[in-house]
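The following block contains the structure, expressed as structure tokens.
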Amino acid sequence: MLRFDSSSSAGKLAGAVALFITLSGIAGAQGLPPAEADVAARLAESPRHGEWVSYDAGQGDRTDAWMVYPERADKAPVVVVIHEIFGLNDWARAVADQLAADGFIAIAPDFLSGKAPDGKGGSVALGADGSRAAIAKLDPVEIVRRLNGAAAYATSLPSATRAYGVVGFCWGGGISFAWATQQGALGAAVVYYGTSPAAAALAAVKAPVLGLYGGADARVNATVPAAKAEMARLGKRYETETYDGAGHAFLRQQTGQNGANMAASRAAWPRTVDFLKGLLEAKRSDVSPAAPALAAAFAGADDCVEACALEDGAALVAKR
């Protein structure tokens, strides 16, 4: 083996190269969802199998979803991805791709399926502005039904285990937490900068919850202390992290906030993956996704709709 004196120029160069290779390997082993500007390249270059599916959400409702499969020899747990207020766009699809890269079967439902003017199209047909307006009109009962249907469909695949979790962003973050108050079979819930449910609804939560927030997001963060106190009183697991200087939607807007968003993304995503793997990989549940009674938990999700709309300059008020 060729060796270099570490004090020589060649030795220092060799050491730097070795460090670069090591760090590159670490980064490759734990990637991030792409920033918004890099989404097209990620989707085009992904080696993983992704496909559009349509599943039965009950009551004659067919819901479209994007699914991505991991490259692994054994069965994989499922993660449901809940999109932002902008609908199921390419960034949400790229998040599903990253979850598959991390070893999960990812399913990202389009909660605007059938909401286009023709009664057939969804997020793509509506566009970002139309999606924001349409999300404010969604029926909470339908949202839960579509979530339950997504979990039932994905966990019924031959390559899936019965274990499933959820991760949501902005509006989807609020929905993620709210679903945890509705679905007793849920194994884990991750909330990215989404508002919390009303404290009275938290007694029904069974799944551990991880909340990840930007420090410069006071509108959302104001809902966290009450939820944290109540979850602690109930003896339920609710981990939170607030990243200094990071703004709302930091995982998508990684170049924002003078580097704070990227720092938050690099810390939050590995924690997300570790949280989901720790709870879902070892779990082999035969319990089918149920359709529990609905409560008033979506008040928190409504707040997220309002918050995201205000952030984007469109003062939408969620339908109650």
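Considering the range 51-110 alone, what residues qualify as being hydroxyl-bearing (Ser, Thr, Tyr) and surrounded by fewer than 24 Cβ atoms within 10 Å (Cβ to Cβ)? Write out each step before concluding.
Pass one, the range 51-110, residues hydroxyl-bearing (Ser, Thr, Tyr): 54-55, 63, 69.
Result: Ser54, Tyr55, Tyr69.
Taking Leu112 as the residue in question, decide whether it is more than 21 Å from Gly31 (Cα to Cα) and at pLDDT 95 or above. So that I can check it myself, show each step before the final result.
Numbers: more than 21 Å from Gly31 (Cα to Cα): yes; at pLDDT 95 or above: yes.
Considered against the rule, which asks whether it is more than 21 Å from Gly31 (Cα to Cα) and at pLDDT 95 or above, Leu112 comes out as yes.
What about Gly127, is it at positive phi, surrounded by fewer than 24 Cβ atoms within 10 Å (Cβ to Cβ), out of contact with any strand residue (DSSP E or B) (no Cβ under 7 Å at 6 or more places or on another chain) and of a type outside the set (A, V, I, L, M, F, W, C)? Even if it seems obvious, please write down each step before you answer.
Numbers: at positive phi: yes; surrounded by fewer than 24 Cβ atoms within 10 Å (Cβ to Cβ): yes; out of contact with any strand residue (DSSP E or B) (no Cβ under 7 Å at 6 or more places or on another chain): yes; of a type outside the set (A, V, I, L, M, F, W, C): yes.
Yes.
Are any of the residues in the range 210-231 more than 17 Å from the chain's Cα centre (by Cα), more than 29 Å from Ala264 (Cα to Cα) and either surrounded by fewer than 19 Cβ atoms within 10 Å (Cβ to Cβ) or outside the structural domain of Arg62 (by TED's automatic domain parsing) (or both)?
No, the range 210-231 contains no residue that is more than 17 Å from the chain's Cα centre (by Cα), more than 29 Å from Ala264 (Cα to Cα) and either surrounded by fewer than 19 Cβ atoms within 10 Å (Cβ to Cβ) or outside the structural domain of Arg62 (by TED's automatic domain parsing) (or both).
List, please: which pairs have Cβ atoms under 7 Å, are six or more places apart or on different chains, and start with a residue in the range 205-219 that is more than 12 Å from Glu239 (Cβ to Cβ) and touching a residue at least 24 places away in the same chain (Cβ under 8 Å) and end with one that is β-branched (Val, Ile, Thr) and surrounded by fewer than 20 Cβ atoms within 10 Å (Cβ to Cβ)?
Gly215/Thr242
Determine if the range 160-183 includes at least one residue that is buried (at least 24 other Cβ atoms within 10 Å of the Cβ), among the hydrophobic types (A, V, I, L, M, F, W, C), modelled with pLDDT of 95 or more and under 12 Å from Tyr55 (Cα atoms). Outline the logic, then answer.
Start the filter on the range 160-183 by keeping residues that are buried (at least 24 other Cβ atoms within 10 Å of the Cβ), which leaves 163-183.
Those still in the list that are among the hydrophobic types (A, V, I, L, M, F, W, C) too: 163, 166-167, 169-171, 175, 177-180.
Remaining after also requiring modelled with pLDDT of 95 or more: 163, 166-167, 169-171, 175, 177-180.
With under 12 Å from Tyr55 (Cα atoms) added as a condition, the list becomes none.
Within the range 160-183, not a single residue is buried (at least 24 other Cβ atoms within 10 Å of the Cβ), among the hydrophobic types (A, V, I, L, M, F, W, C), modelled with pLDDT of 95 or more and under 12 Å from Tyr55 (Cα atoms).
Restrict the check to the range 162-180 and report whether at least one residue is more than 17 Å from the chain's Cα centre (by Cα), more than 18 Å from Trp91 (Cα to Cα) and not basic (Lys, Arg). If you could, list the steps in order and put the result at the bottom.
So in the range 162-180, the residues more than 17 Å from the chain's Cα centre (by Cα) come out as 162.
Next, from what is left, pick out any that are more than 18 Å from Trp91 (Cα to Cα): 162.
If we keep only those that are not basic (Lys, Arg) too, we end up with none.
Scanning the range 162-180 turns up no residue that is more than 17 Å from the chain's Cα centre (by Cα), more than 18 Å from Trp91 (Cα to Cα) and not basic (Lys, Arg).
Select from the range 232-252 the residues that are charged (D, E, K, R) and touching a Gly at 6+ places or on another chain (Cβ under 8 Å) and write down the one among them that is surrounded by the most Cβ atoms within 10 Å (Cβ to Cβ). Steps first, answer last, please.
Initially, the range 232-252 is screened for residues charged (D, E, K, R), giving 233, 236-237, 239, 241, 244, 252.
Next cut, touching a Gly at 6+ places or on another chain (Cβ under 8 Å) only: 239, 241, 244.
Numbers: Glu239: 14, Glu241: 12, Asp244: 11.
Of everything passing the filter in the range 232-252, Glu239 is surrounded by the most Cβ atoms within 10 Å (Cβ to Cβ).
Looking only at residues that are under 29 Å from Pro70 (Cα atoms) and not small (Gly, Ala, Ser) in the range 112-141, which one is nearest to the chain's Cα centre (by Cα)?
Leu112
The values are calculated or read from the model by the stated rules, or taken from the named source; none is laboratory data. Predicted, not measured: the structure shown is a model, and the values here were computed from it. Note that each Cβ is placed from the backbone with ideal geometry, even for glycine, and that neighbours are counted across all protein chains shown.
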